[in-house]
Amino acid sequence: MTKNQNIPERPPLLEVHDLTKNYGARTGCADVSFNLFPGEVMGIVGESGSGKSTLLNCLAGQLEADSGAVMFDTRADGPRDTRLMSEAERRMLGRTDWAFVHQNPRDGLRMRISAGGNVGERLMAVGARHYGDIRSAAEDWLTRVEIATDRMDDRPAAFSGGMQQRLQIARNLVTGPRLVFMDEPTGGLDVSVQARLLDLLRGLVRRMGLSAIIVTHDLAVVRLLADRLMVMKDGRVVETGLTDQVLDDPQHAYTQLLVASVLQV
Amino acid sequence: MIEVEGLGKNFTLHNQGGAVIPVLEDAHFTVAPGECVALTGASGAGKSTVMRILYGNYLAQAGRVTIGGVDLTGAEPRTILTLRRQTLGYVSQFLRVVPRVPTLQVVAEPCLATGQSEEAAVTRARDLLSRLNIPETLWSLSPTTFSGGEQQRVNIARGFAYTYPALLLDEPTASLDPVNREVVLSLIEEAKANGAAIVGIFHDVEARARVADREVDIGRFTPGRAA
């Protein structure tokens, strides 16, 4: 194939080989392989029970896969299989280069400490000690996710769902991760709040050059955010490709059904 | 600049009894830099399908499409996205934007994406929006609330903002008033003068006669029809 001369070929940030996870006799996800390149945003879609969340959790090390490899291009030592890392190494990765945005902000936030504390805590976990620096970084990030700085000392419990979700994003991105995992980031939010959050996420991802893997059942969300798509059914990948191509010219029977089932507004 | 060889396309409708609808067979044509080729043929002949395949939006079953030396068939998503950013523009009839993003930003984005300065990108966006008669009072608003005609012109401004070496135009002058139609035709002529290879669908016969150098009848590539 002819290569475009303008793209310097960078190694994949994440290389996944034959990742499999079973729950007893049931398949969670089976034989999933793909490469994710720096700056790429990949969407994983499929109905409930298709294995997309299982896959995301296995990739992020929140669930232990049965077999396969998840190679991450680490800053220090190049590509390493995160499944073979020590627990301490994996936790460090989870605080620095990786971020995980949960569907329910309560799973990703500390509800009993202030909004500013939630953002600052992640900075402290990577060694920040100067109170003034931490507070100004927290302030900066709250502004970027459109939370007024006079709410900085309030607890997230006093925030609306949309604000909590934006706070969770600030907490995750403050350490400048290279790879963000998102599980239904707009699930459970009002449509108007979703649009604002999507616009925000899109801007952040593009500006910071992040790579991201987004699990969702909402095809409109992936059309806006994802460069490419992976469609899952019964734990297996049935179709992959450029996002608009998969949505506008789906090849697999299941993808055709999925696309045809969306209500037109 | 644009080369199409042996292109074949059919749609398989898995959920309607696996019906296979053949659309194109052995479609072939080339477009040189600075040349505008108009696709013609009856409605349903597959003109839009060809455009979408050229843009990487539809998958072809057979043949090859090469644009600016990049082979689109079987290309990785990131290869196609880079091609769209740097080489290949597309003006469709419908605007699809992120809610909340101001019009000026929507139009400036293609230039920003190729690494131009904010100032240069915004200057170009302002220039195009004025030429296409979008009132300046609307520039800071999201185009989602605009009238159909205004949205179409914003879309055209966005499509012409960056000087792509290859450009796809799907009925760029449809339903425009004579003044704006004239602006769009001169934008096409400028793009040609800048060396862009252009493929277009023009139902507007006068417009086609004015900007197109050649016509390619897509009806010739309808399967089952002896050439």
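The values are calculated or read from the model by the stated rules, or taken from the named source; none is laboratory data. Since we're looking at a predicted model, the values are computed, not measured. Don't worry about glycine lacking a Cβ; one is built from the backbone with ideal geometry, like all the others, and counts go over all protein chains shown. Calculation scope for accessible area: heavy atoms of the full protein, side chains included, ligands and nucleic acids excluded. Shrake-Rupley method; radii C 1.70, N 1.55, O 1.52, S 1.80 Å.
Quick rundown of the values:
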{"quantity": "Cα centroid separation - region B:95-149 against region B:14-89, whole Å", "calculated": "27 Å"}
{"quantity": "Mean Cα-pair separation over length for chain B, i.e. relative contact order, pairs under 8 Å, 6 or more apart, %", "calculated": "31 percent"}
{"quantity": "Sites residue A:63 and residue A:236, calculated FRET efficiency, Cβ-Cβ separation with R0 22 Å, nearest 0.05", "calculated": "0.80"}
{"quantity": "Amide H within-cut-off set for residue B:89, under 5 Å, with H built and near neighbours excluded", "calculated": "B:166, B:167, B:168"}
{"quantity": "Whichever lysines have a C-alpha closer than 27 Å to that of residue B:192, once near sequence neighbours (fewer than 8 apart) are set aside", "calculated": "A:3, B:47"}
{"quantity": "Placed amide H near residue B:217: partners under 5 Å, 5+ positions off or other chain", "calculated": "B:40"}
{"quantity": "Zone residues, region A:203-244, relative to residue A:47, backbone N less than 20 Å from point 7 Å out along Cα-to-Cβ", "calculated": "A:215-222, A:230-240"}
{"quantity": "Gained length - residue A:83 relative to residue A:126, 0.36 nm times residue gap less alpha-carbon distance", "calculated": "13.3 nm"}
{"quantity": "Rg and Dmax [Cα atoms of region B:1-101; Å; Rg one decimal, Dmax integer]", "calculated": "14.8, 45"}
{"quantity": "Solvent-accessible area per residue for region B:94-184 (1.4 angstrom probe, square angstrom)", "calculated": "45 Å²"}
{"quantity": "Protein accessible area in region A:56-126, 1.4 Å probe - carbon and sulfur %", "calculated": "47 percent"}
{"quantity": "Protein-protein interface of region B:1-20, residues with accessible area decrease of at least 50 Å², isolated chain reference, 1.4 Å probe", "calculated": "B:14, B:15"}
{"quantity": "Solvent-accessible area buried by pairing B with A, both sides, nearest 100 square angstrom, 1.4 angstrom probe", "calculated": "2600 Å²"}
{"quantity": "Region B:24-34 - phi-based ³J(HN,Hα) in whole Hz, Karplus 6.51/-1.76/1.60, Gly and Pro as x", "calculated": "9, 9, 6, 6, 8, 5, 9, 10, 8, x, x"}
{"quantity": "Amide N of region A:67-108 lying under 20 Å from the label point, which is placed 7 angstrom from the Cα of residue A:140 along Cα→Cβ", "calculated": "A:95-99"}
{"quantity": "Antiparallel DSSP beta bridges within the protein assembly as shown, percent to nearest 5", "calculated": "55 percent"}
{"quantity": "With eigenvalues of the C-alpha gyration tensor scaled by 5 and rooted, region A:8-85, Å", "calculated": "23, 15, 9"}
{"quantity": "FRET efficiency for residue B:145 and residue A:149, using Cβ-Cβ distance with R0 set to 22 Å, rounded to 0.05", "calculated": "0.15"}
{"quantity": "If the convex hull is drawn through the Cα atoms of chain A, its volume per residue in Å³", "calculated": "151 Å³"}
{"quantity": "Convex hull of Cα atoms in region B:88-163, direction-averaged projection (nm²)", "calculated": "4.6 nm²"}
{"quantity": "Burial of 40 Å² or greater, region A:192-209 residues [accessible area, probe 1.4 Å, versus chain by itself]", "calculated": "A:199, A:202"}
{"quantity": "Cα-based reach from residue A:52 at 19 Å (exclusive), listing lysines while leaving out same-chain residues under 8 positions away", "calculated": "A:21, A:233"}
{"quantity": "Carbon/sulfur fraction of accessible area - region A:135-208, other protein chains in place, 1.4 Å, %", "calculated": "44 percent"}
{"quantity": "³J(HN,Hα) computed for each position of region A:197-203 - Karplus, 6.51 cos²θ - 1.76 cosθ + 1.60, integer Hz, glycine/proline x", "calculated": "5, 5, 4, 4, 4, 4, x"}
{"quantity": "Kirkwood hydrodynamic radius (C-alpha pairs) into Stokes-Einstein, the protein assembly as shown, 20 °C and 1.002 mPa s, D in µm²/s", "calculated": "87 µm²/s"}
{"quantity": "Percent accessible area from carbon and sulfur atoms, chain B, protein chains only, probe 1.4 Å", "calculated": "50 percent"}
{"quantity": "Percent of Cα pairs exceeding the 13 Å cut-off, where the set is region B:1-49", "calculated": "67 percent"}
{"quantity": "Using θ = phi - 60° and Karplus 6.51 cos²θ - 1.76 cosθ + 1.60, couplings along region A:226-241 (whole Hz; Gly, Pro as x)", "calculated": "9, 6, 9, 10, 10, 9, 10, 8, 6, x, 10, 7, 9, 7, 9, x"}
{"quantity": "Separation between Cα centres of region A:44-109 and region A:180-251, rounded to whole Å", "calculated": "17 Å"}
{"quantity": "Filtered GluC sites (Glu not before Pro), region A:45-88: DSSP coil and at most 12 other beta carbons within 10 Å", "calculated": "A:64"}
{"quantity": "Other-chain or far-sequence residues with amide H under 5 Å of residue A:238's (modelled H)", "calculated": "A:231, A:232, A:233"}
